[in-house]
Amino acid sequence: MLRLDKRAVLDALRERVERDLTALTSSQEAMQEGATHEEARPESDKDTRATEASYLARGLAKRVTELQKAGSLLANLALQRFGAGDPAALSALVTTCDEDDKTQRYFLAPAGGGMRLVVRGVAVGIVTPDAPLGDALLGKRAGDDVELETPQGLRVLSIVSVE
């Protein structure tokens, strides 16, 4: 199995969060401007365009704040070295194998959960301790199995490595 550099994974994650933040900030500013523009004033009591635009602008502002926090958490994440037998913790790159012998790589991070990255040709899922999978992986070692309840039923993953 191809060895993957965790620094490259963390750099790709930071870059993705920064790129998403830049795009969402622009969208949020444009939406805010549109919601408060004088042409957005209601033409009748049934016209809700300005209200809807302000709700969307507020939602985008919340997401911008979340991405700013994620960027800060990732900027301060120190990469740990994991030796044979060490339990998974933040900054671990965990390789799992399921019942169908399908391997997956996961990077345990404080933010960015749910993102999928391709780093040097290798797919990596980002999981946080708040997610059921991230919680299940924390503290596990190579050779351990984790059981995860999913909408499709019980899923068993074997931990192949913790790097």
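The values are calculated or read from the model by the stated rules, or taken from the named source; none is laboratory data. Being a predicted model, the structure only gives us computed values, none of them experimental. Here the Cβ is made from the backbone with ideal geometry for all residues, glycine too, and neighbour counts use every protein chain on show.
Report, by residue number, each residue of region 1-11 that is closer than 17 Å to SER72 by Cα and buried (at least 18 other Cβ atoms within 10 Å of the Cβ). Steps first, please.
Initially, region 1-11 is screened for residues closer than 17 Å to SER72 by Cα, giving 7, 9-11.
If the condition is that a residue be closer than 17 Å to SER72 by Cα and buried (at least 18 other Cβ atoms within 10 Å of the Cβ), then VAL9, LEU10 are the ones that fit.
Can you find even one residue in region 56-79 that is β-branched (Val, Ile, Thr), surrounded by 11 or more Cβ atoms within 10 Å (Cβ to Cβ), free of Cβ contacts under 8 Å to residues at least 60 places away in the same chain and closer than 30 Å to ALA23 by Cβ? Break it down stepwise before answering.
We begin by selecting, within region 56-79, every residue β-branched (Val, Ile, Thr); these are 64-65.
In the following step, the residues that additionally are surrounded by 11 or more Cβ atoms within 10 Å (Cβ to Cβ) were identified as 64-65.
Imposing the further condition that a residue be free of Cβ contacts under 8 Å to residues at least 60 places away in the same chain reduces the set to 64-65.
From what is left, the residues that are closer than 30 Å to ALA23 by Cβ are 64-65.
Looking through region 56-79, at least one residue is β-branched (Val, Ile, Thr), surrounded by 11 or more Cβ atoms within 10 Å (Cβ to Cβ), free of Cβ contacts under 8 Å to residues at least 60 places away in the same chain and closer than 30 Å to ALA23 by Cβ.
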Is it true that some residue in region 86-107 is modelled with pLDDT under 95, surrounded by 14 or more Cβ atoms within 10 Å (Cβ to Cβ) and of a type in the set (A, V, I, L, M, F, W, C)? no
Failed item in (1) exposed (fewer than 15 other Cβ atoms within 10 Å of the Cβ); (2) touching a Pro at 6+ places or on another chain (Cβ under 7 Å), with LYS140 passing the rest: (1)
For region 88-113, enumerate the residues that are in contact with a strand residue (DSSP E or B) (Cβ under 7 Å, 6 or more places away or on another chain), of a type outside the set (A, V, I, L, M, F, W, C) and assigned to a loop (DSSP other than H, G, I, E, B). SER91, ASP98, GLU99, GLY112, GLY113
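Of everything in region 1-33, what is at pLDDT 85 or above and among the hydrophobic types (A, V, I, L, M, F, W, C)? Give them in sequence order.
Step one: filter region 1-33 for residues at pLDDT 85 or above, giving 5-25.
Those that are at pLDDT 85 or above and among the hydrophobic types (A, V, I, L, M, F, W, C): ALA8, VAL9, LEU10, ALA12, LEU13, VAL17, LEU21, ALA23, LEU24.
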Among the residues that make up region 60-72, is at least one of them basic (Lys, Arg), closer than 19 Å to LEU13 by Cβ and under 17 Å from the mean Cα position of the chain (by Cα)? yes
